[in-house]
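Visitor: For reference, the structure I am asking about is given below.
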Amino acid sequence: MASSTLRIDLDGNPINPLTICMIGAGGFIGSHLCEKLMAETNHKVLAVDVYNDKIKHLLEPNQSGGTSQFADRIQFYRINIKHDSRLENLIKMADLTINLAAICTPADYNTRPLDTIYSNFIDALPVVKYCSENNKRLIHFSTCEVYGKTIGSFLPKDHPLRLDPEFYVLKENASPCIFGSIEKQRWSYACAKQLIERLIYAEGAENGLEFTIVRPFNWIGPRMDFIPGIDGPSEGVPRVLACFSNNLLRGEPLKLVDGGQSQRTFVYIKDAIEAVHLMIENPGRANGHIFNVGNPNNEVTVKQLAEMMTEVYSKVSGEPALDVPTIDVSSKEFYGEGYDDSDKRIPDMTIINRQLGWNPKTSLWDLLESTLTYQHRTYAEAIKHAVAKPAASM
């Protein structure tokens, strides 16, 4: 339960209860943020989404059959922000709007570029407009993909400057945003996200919008994405952790796109949510800033991630790993024509550490163990039944 004692911000000021309009509250990040706000604060959440499966436990009646213990502090609104006149009123009712809504699955960038651009730019425009016109604070979720490719990726493979952090560490206020050619539709997502960032920044400069932009670097944890054929479409291709989890749950080799040589960093969702919590309650330190939120200490190639996940899953499930745990597939075969990728994504943490004193705590092994324990407990039986059904009907 939320504490009744007076809470203070990083500068010693009392924290007053806020009303927060959270768009995308029913998703992976939104569900963890709602849990945090209900458990540790007195803030009220107007939860906006088309689905509420991941926050049902916060909305359902308590065990004695009465109303939810959080009924007076979280209200769900089933709204598609593309075309619902209620959105502006909810933003007006709130002190702060947090926009998490997005299409953010790499497989979609290539195959659904129009939906991707509309979702991440066009559909976000009214949210920015309503916040600006009504003098409401906005925390907007962007992506680390706005950085695109590193400067170092354009150097010869054996060039010594590739090892110089200046050529690959990504800084919010200094690193350029380098995308591939227009025919590489994988960049539709990053380009839409960059343009909405520029619009928000311009609203701040010209019209005084109070904003914070968040650039997540691979946030990982329970309830991320979906497992195809169980709680998502059978033909769906979720992001890398859920893709690999699906393979492990089904006893299939993990597919390494182009050998799994891309390098990524991963941060535990609970660490990342703590950073967002600090942004919410310290507007004087967060307003006007763009924040990388990631864990540079958890850097691995996608191939190394697959090897670690195979080892961790064997431990949590008690099942032996496959003799051939991974197979290589081309990006064209896996994602289709027009795919492209960034080589490395290492966040510089200077600004968020200086402004909010935030640092991630959880190691890659620990976050994988927590996540895969959840995946096994949640999905293993359902997948066994799904796999057994075709055999039983023969």
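The values are calculated or read from the model by the stated rules, or taken from the named source; none is laboratory data. Source: prediction; values computed, not measured. All Cβ positions, glycine included, derive from the backbone under ideal geometry; neighbour counts span all protein chains shown. These accessible areas exclude ligands, DNA and RNA; they are computed on the full protein's heavy atoms, side chains included. Shrake-Rupley method; radii C 1.70, N 1.55, O 1.52, S 1.80 Å.
Visitor: Could you report the chain's accessible area per residue, 1.4 Å probe, as an integer in Å²?
Guide: 46
Visitor: Mind checking which of Ala25, Ala94, Ala190 has the largest fluctuation in a GNM of the chain, springs on alpha carbons under 10 Å?
Guide: So, out of Ala25, Ala94, Ala190, the one fluctuating most is Ala94.
Visitor: How large is the Kirkwood hydrodynamic radius of region 1-135, counting all unique pairs of alpha carbons, in Å? The partial results should precede the final answer.
Guide: Values: mean 1/r = 0.0619 Å⁻¹.
Hydrodynamic radius (Kirkwood, Cα pairs) of region 1-135 is 16.1 Å.
Visitor: Subtracting the Cα-Cα distance from 0.36 nm times the residue separation, let me have the gained length for Leu114 to Ile327 in nm, one decimal.
Guide: 73.6 nm
Visitor: Restricting to DSSP H runs of at least four residues, report the calculated mean residue ellipticity at 222 nm for the chain, -39500 (n - 2.57) per run over all residues, nearest 500 deg cm²/dmol.
Guide: Numbers: 14 runs with 149 residues, N = 394.
Mean residue ellipticity at 222 nm (helix-derived): -11500 deg cm²/dmol.
Visitor: Classify region 159-218 as rounded, prolate or oblate from the Cα gyration tensor: take a ≥ b ≥ c as the square roots of its eigenvalues, call it rounded if a/c is under 1.5, otherwise prolate when a/b beats b/c and oblate if not.
Guide: oblate
Visitor: With respect to the cross-link table entries Lys44/Lys136; Lys44/Lys193; Lys171/Lys361; Lys44/Lys361; Lys36/Lys270, which display a Cα-Cα separation exceeding 18 Å?
Guide: Beyond 18 Å between Cα atoms: Lys44/Lys193; Lys171/Lys361; Lys44/Lys361.
Visitor: Follow-up question, since we're still on this one. Rounded to the nearest 5, what is the percent of antiparallel bridges among the DSSP beta bridges in region 102-383?
Guide: 15
Visitor: How far apart, in nm, are two points set 7 Å out from the Cα along the Cα-to-Cβ line at Leu161 and at Ala202?
Guide: 3.2
Visitor: Between region 290-320 and region 115-137, how far is it from one alpha carbon centroid to the other, in angstrom?
Guide: Each part's Cα centre sits 34 Å from the other's.
Visitor: I've got another one for you. Quick query: amide H of Glu60 versus all other amide H atoms, modeled in the peptide plane; which residues come in under 5 Å with a sequence gap of 5 or more or a different chain?
Guide: none
Visitor: Could you pull the Rg and Dmax for the chain, using just the Cα atoms, both in Å?
Guide: 21.2, 68
Visitor: Put +1 on the Cβ of each Lys and Arg and -1 on the Cβ of each Asp and Glu in the chain; which of Gln194, His289, Ser331 then has its Cα farthest toward the positive end of the dipole?
Guide: Comparing the listed Cα positions along the dipole, His289 ranks first.
Visitor: For the chain, give the percent of accessible area contributed by carbon and sulfur heavy atoms, probe 1.4 Å, rounded to a whole number.
Guide: 52
Visitor: Please report the relative contact order for the chain, taking Cα pairs under 8 Å with a sequence separation of at least 6, and give it as a percent rounded to a whole number.
Guide: The value is 17 percent.
Visitor: When only the heavy atoms of the protein chains count and the probe is 1.4 Å, how do Lys384, Lys56 rank by accessible area, highest first?
Guide: Largest to smallest exposure gives the sequence Lys384, Lys56.
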